[in-house]
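The numbers here are math on the coordinates, done by the rules we state, and not lab data. No experiment lies behind these values; they were computed from the predicted model shown. All Cβ positions, even for glycine, are placed from backbone atoms using ideal geometry, and neighbour counts span all protein chains on display.
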Amino acid sequence: MANEFQSTPNSLDISIEKMVYGGEGLARTPEGVLLVPLVLPGERVRVEAKAPSKGVRRARLLEVIEPSPVRVAPGCPYFTRCGGCQYQHIGYAQQLTTKQEILLESFERVGKLHLDLPISAIASEPWQYRNRTRLRTQKQQASFQIGYYELLTHDLCPIDHCPISSPLINDAIGKLAGGLGAALFPDGDAEIELFVSDSDQKLIATVYSNRPAPRTFGDALREAMPAIQSVCCIQKPDEKRARAPKPIVWGDGYLAYHVGEYHFRIGHESFFQINRFLLEELIRTAIGDLQGERALDLYAGVGLFTLPLAHRFQKVAAVESSAASARDLESNVGVVSAKARAYHMTAEKFLATALPKWDIILVDPPRTGLSKTVLENCVRLRPRRFVYVSCDPTTLARDIAVLTGSGYRIRAVHLMDQFPQTFHIETVVQMERLE
């Protein structure tokens, strides 16, 4: 049923129908669909519509006329300006429900799949959960700012703390914002990534910049913040330089991270899951009761699933294309070298010559999901079980549709809330081959 509208020369009153993936609410207008941030389903709001961009119409929220009963006060003073979070105006229980609804709709709309089983939601501590935070910096003489992009812009929103990041990361942000950044950073724009240990006592810092770092930068930063055990400066390539210079490292170049009984070496540029409260639960949920002779771990990263699989299977192959993650993977599988082997190559290259001998294939791909080649080869190999760990519900639904059409059925779908206060959705889907 069409909405009723009250238009002024500069604004439009609309009703929000539902939330969509990306953190926005959807409203239907006579001119078409309109996407609005910071709203909730059922709310009546006043917005300022923007010009369409790439076929999508968005609007800026001006006023909540009739708020939803589940709207809450945000837990961060930067919310609505900072673009890092999208859901702080939603109570946490409702955040989980919203994500379940979006995930279910993705299965139905993208994958044309009707789930005949519930989507279980595994909650997280809603605050201070991030073990890795990447921020932008701006330095001009005595002026230094650190923060995120503002909502829907590329303007910097300066902060002095981030409530979804760990206490040690917040300590570092506060010190950098409070004068340390101005004293140590060279002029110009940069990014800094802070990654903390499982105990939140040690961290490594990675700086990305278009300019070379001062020779003493890393030592000075470590001396000013003793919790930092390693600093890496990475100069980005530019038009004059086809390849970037070799990164400069002060310190060991990695962090030791413990997840239950498993120990991992994680370097400056390696991928690792960011929710420090859900790592053990993620392993348990993904691997469950799996056991057998041979397991294949694709997009293995530093081996988060490889080491647990090696305790349940006789042989494990772990495949990782990133050079940084592959180095750490090789080191981490050393403790189970009799059972596990690391392969530094793409999943496509490994699968091209792989034989159909795997009891299970576990994949944890980037947001783009699985390529057509990877999907075809996974089907060809016919593993008894298949586990898909996904950070994007749309590409997940697309790929699961291919697998269900190729002789597999869904055993369970778990929404792992790795990213509270944001729209991001982490999912674990367990599948088995139909005989």
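Computed quantities for the displayed model
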| read-out | value |
| --- | --- |
| Rg ratio (alpha-carbon, reference 2.2 N^0.38 Å) - segment 12-71 | 1.01 |
| Residue-averaged 222 nm ellipticity for the chain, from DSSP H runs of 4+ at -39500 (n - 2.57), nearest 500 | -6000 deg cm²/dmol |
| Most positive-pole-ward Cα, Thr153, His114, Gly23, against dipole of segment 1-157 from beta carbon charges | Thr153 |
| Charge sum, other residues only, whose C-beta stays under 12 Å from Ala286's C-beta, Lys/Arg counted +1 and Asp/Glu -1 | -3 |
| Segment 1-132, relative contact order [Cα under 8 Å, separation at least 6], % | 16 |
| Within a Gaussian network of the chain (alpha carbon springs, distance under 10 Å), most fluctuating of Pro126, Pro420, Pro118 | Pro118 |
| Relative contact order, percent, segment 183-332 [alpha-carbon distance under 8 Å, six or more residues apart] | 17 |
| Principal axis dimensions, segment 317-373 - Cα atoms, whole angstrom, descending | 34, 27, 17 |
| Using θ = phi - 60° and Karplus 6.51 cos²θ - 1.76 cosθ + 1.60, couplings along segment 148-156 (whole Hz; Gly, Pro as x) | 10, 5, 5, 4, 6, 9, 10, 8, 6 |
| Among His424, Asn275, Asn377 - extreme Cα towards positive end, dipole of the chain, charges at beta-carbon | Asn377 |
| GNM result for the chain, Cα springs below 10 Å: residue of Val302, Val249, Val56 fluctuating most strongly | Val56 |
| Semi-axes of the equivalent ellipsoid for segment 186-305, Cα gyration tensor, largest first, Å | 33, 18, 11 |
| Share, in percent, of DSSP beta bridges within the chain that are antiparallel, nearest 5 | 70 |
| Fewest-first sequence of Met19, Met345, Met431 by Cβ atoms within 10 Å of each Cβ | Met345, Met431, Met19 |
| Qualifying trypsin sites (Lys or Arg not before Pro) in segment 206-240, DSSP loop, other Cβ atoms within 10 Å at most 14 | Arg215, Lys240 |
| Percent of Cα pairs exceeding the 33 Å cut-off, where the set is the chain | 42 |
| At 1.306 mPa s and 10 °C, Stokes D of segment 324-435 from Kirkwood alpha-carbon radius, µm² per second | 104 |
| Long-range HN-HN contacts of Thr29 with modeled amide H, under 5 Å | Leu34 |
| Cross-link pairs beyond the 31 Å C-alpha cut-off, checked among Lys202/Lys236; Lys18/Lys236; Lys99/Lys349; Lys246/Lys349; Lys54/Lys372; Lys236/Lys349 | Lys18/Lys236; Lys99/Lys349 |
| Length-normalised contact order for the chain - Cα pairs under 8 Å, 6+ apart - percent | 12 |
| Backbone HN-Hα couplings from phi across segment 215-229 [Karplus 6.51/-1.76/1.60, Hz, Gly and Pro as x] | 4, 9, 4, x, 5, 5, 5, 5, 5, 6, 10, x, 5, 7, 9 |
| Cα centroid separation, segment 391-434 to segment 203-219 (Å) | 38 |
| Dipole magnitude of segment 12-71, debye to nearest 20 (Cβ charges: Lys/Arg +1, Asp/Glu -1, about Cα centre) | 220 |
| Phi to ³J(HN,Hα) by Karplus 6.51 cos²θ - 1.76 cosθ + 1.60 over segment 297-307, Hz, x for Gly, Pro | 10, 9, 6, 6, x, 8, x, 3, 9, 4, 5 |
| Check: the chain dipole with +1 on Lys, Arg Cβ and -1 on Asp, Glu Cβ, in debye | 1160 |
| Debye intensity ratio in log₁₀ form over the Cα atoms of segment 132-256, taken at each q of 0.10, 0.15, 0.19 Å⁻¹ | -0.29, -0.67, -1.08 |
| Among Leu296, Leu184, Leu40: highest mean-square fluctuation, GNM of the chain, C-alpha pairs under 10 Å | Leu184 |
